[in-house]
Structures are given as structure tokens and as C-alpha cells.
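This report concerns only the one structure given below.
What follows draws every value from the coordinates through simple rules; no lab data is involved. The shown structure was predicted, so the numbers you read here are calculated from the model rather than taken from an experiment. In this analysis, Cβ positions are derived from the backbone assuming ideal geometry, glycine residues included, and neighbour counts consider all displayed protein chains.
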């Protein structure tokens, strides 16, 4: 790409970019009271990327009015590097913040604000890293990807996977990992099991069909399954090396002297890489359906949300090796989930690595350390040189 049409000077510096990004509310939430459009964030990113020579595509997320993904591409080719982040933040409790969540505030060698580390800060740093390559002839494209609704539904990343874009070879997701590369995480499943029987007077059990007693039996089956899975699957890369199943909440019945007609359980399952979510659901069904049939209870079993698959990139992958060399850290595993499985579905060799700590994410007075800024820009430039030049 020639220098023509490139206007590097028109793009603000890192602090000004992050100040603007933080000022634009883009909360995603299952609660309509909290949920915002992310369009303003996507539009301002486009406004900064186009002068650097990026071709910008803004895509509305199907079925989600006001929610947008952005794909910005510098150069062309069949390979290349994606730098990816989500544009949304979690809700906040303003009573627990000591400064305005939407105003970038500097103190203690930190920048405070909602989204500073999770993860609007990554966009400002990625654009700053890309600035050096504006007008340079790239052998493979550099793609900046900005997604919607990662903190709630992950539907932005799902929509991209279904659309089959972007096309590239490598992807780094800039979630806060203290600039330590992450090559695997567990999945997340949240499931709902409901039994419905027949109420009746408790003095005669034959008058009804007790959903709570059925759920008691189903709980035993689930805990037995958990034990079997933990015997079968183990990964020493994780702090908690086995898959977990948490019985989260249960509701049933309405009075001590009535046979319980309805009982509902919500539970959470965290599968390891290599465990298939649909197979796990079938395993659960094979254990709880016979309980319902034997006790003549109607049953509903469904996900509370679509879930996030587990993720793993091999230790010897080119991107893993490159990030280990640039950071000096061995790639590791984390407990939190990301959009990585959907980028993998696009055929991208994927790794998670970004500035800031997950310990500050989703917390009052969220911040990014100023000491993380220059190393992030240096590492991203190194990746662009290796995979695009």
C-alpha cells in the first residue's frame, strides 16, 4: 500500500483514544435496564482506522438491533494476523467507584475507567501498534476485529463464525492476561432441569407425584456423573485440573403439607478441552430421563444460554511460540472463558494475550497499569512484523 490516502497524524494518541472509548457507554447485559448499543464505539474505531488505510466493514449482529461487529483490514492476502477484542463492558456499581467510570482518570501510575483493561485499552494499543505499518507494503493482511456482547451472550463472535469471516491465519484476543500468553481455557455450560408432577395432600403420597423426590434422585445421578467425569478427565495445566459441576440453585414446592408438584434446578458445568458439550448434555439426559419416566414426571432440560466451548491451541503452534518469545512467558491455561472457540471455528490459530489483569476486570475502580502500555505496543508490533511483513 502506498502512502497515498494514509493520514497517520489524524489519529489521536493512546491516552486520547482510550479517553474517548471509555466515555462511550457500551454495557452488554441480559437485563434490558443495563443493556446498551455498542455502535458509537464501533464508529469511532472506524473513524481512526480508515485514515491509516484500513478497509472497514461494519456488520449488524443478526437479531440484535443496535449491536455491531467491526472488521478492519490493512493489506490483502490469504493469511495474516487478527487482533481481536470486544467492545462491550459489564454493568457497574457507581456507589463503589471512587471516580467516574466513564472518565479516564490517572492516579498511582494507572488509568482508571470502565473497560480500561477489559478491554477497550487493547484497541487503543493495537491501533497505536498498527500506526507504524500504515502505508507499508504488507505481505499478509493485518485485521483489527471488534465484537459485540462478549460479556453477555457472545453473539457477536457467534455471528462472525456463522458468517465465515474474517479470513486469516492467526488471531490474538487481547483479553487481560498481564501480557502472558494463554493457549487454553475451560468451557462454560449453564443448564436448567425441571420436573413437574402432581400436587396432593401430604397425608397420602398416592394422591400425587412428588417432583422434589424425583429431583433428589436426579441430583444423585448428576453427582455420580461428576465423579465419573473427574475420574476420566484431568488436565494438569489448570489450577482446578478436573471438570467441575456446580449445583447452583433449586426451587420447588409451596407448603410442607402439599406434595411438591414442581421442582427446578440450575447448574453450571465447566468442561476441559477435549470434552464435547453436546455429548455431555446427552450423558446428563441418559441419567435424568429414566428418573422422570419411572416416577411419571414431565421433564424439561435445556441450556440457560448457548454456552462457551472449551479452547486449546497446541503448545508447539507457531503463534504460541512467537508470543512466548516476545513476552518471555510460557503459554498457560486460565479459568475464564473468551471468544477464542469461535475464532478457532474460522480456522484461525488463536491465542489470548493482552494488557491488564483479570483481577481488575469486572471490579469497581477497574484500571490498567501505565507500565503495561509500552510492552503491549512492542509485542503487538513484533507480531505484526512476523505474521504480516
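For this structure, a couple of remarks:
- An oblate overall shape is assigned to the range 9-125, the ratio a/c of its alpha-carbon gyration tensor axes (a ≥ b ≥ c) being 1.5 or greater and a/b not exceeding b/c.
- Comparing Cα centroids, the range 231-261 and the range 85-130 end up 35 angstrom apart.
- Cα-based helix-to-principal-axis angle, 211-232 vs the chain, degrees rounded to 10: 50 degrees
- GNM flexibility winner over the chain from 85, 156, 75 (Cα, springs under 10 Å): 75
- Fewest-first ranking of 185, 266, 201, using other Cβ atoms within 10 Å as the exposure measure: 201, 266, 185
- Radius of gyration (Cα atoms) of the range 120-279, expressed as a multiple of 2.2 N^0.38 Å: 1.59.
- Residue 212-residue 283 FRET efficiency (beta carbon distance; Förster radius 30 Å; 0.05 resolution): 0.80
- Between the helical axis of 277-294 and the longest alpha-carbon principal axis of the chain there is an angle of about 10 degrees.
- For the chain, a Gaussian network of Cα nodes joined below 10 Å ranks 32, 331, 130 by mean-square fluctuation, and the top entry is 32.
- The angle between the Cα long axis of helix 373-388 and the longest principal axis of the Cα atoms of the chain comes to about 80 degrees, rounded to the nearest 10.
- Label-zone membership for the range 272-312, site residue 232, 7 angstrom Cα→C-beta point, backbone N under 19 Å: 272-291, 309-311
- For the range 250-389, the square roots of the Cα gyration tensor eigenvalues, ordered a ≥ b ≥ c, give a/c of at least 1.5 with a/b greater than b/c, which places it in the prolate category.
- Maximal additional length on extending the residue 204-residue 305 stretch stands at 32.4 nm, based on 0.36 nm per residue less the C-alpha distance.
- What separates the Cα centres of the range 370-389 and the range 290-359 is a distance of 24 Å.
- Highest mobility in the GNM of the chain, judged by mean-square fluctuation with C-alpha springs under 10 Å and restricted to 90, 308, 291, is found for 291.
- Spherically averaged projected area of the range 189-303 from its Cα convex hull (nm²): 7.3 nm²
- Across the range 249-324, counting alpha-carbon atoms alone, Rg and Dmax equal 19.5, 66 Å.
- Whether the range 321-383 is rounded, prolate or oblate, judged on the alpha carbon gyration tensor where a/c under 1.5 counts as rounded: oblate
- Taking other C-beta atoms within 10 angstrom as a stand-in for reagent exposure, 105, 177, 98, 87 fall in the order 98, 105, 177, 87, fewest first.
- At q = 0.07, 0.09, 0.11, 0.13 Å⁻¹ the log10 of I(q)/I(0) for the chain amounts to -0.38, -0.59, -0.82, -1.05, computed by Debye summation with a single uniform scatterer per C-alpha, solvent ignored.
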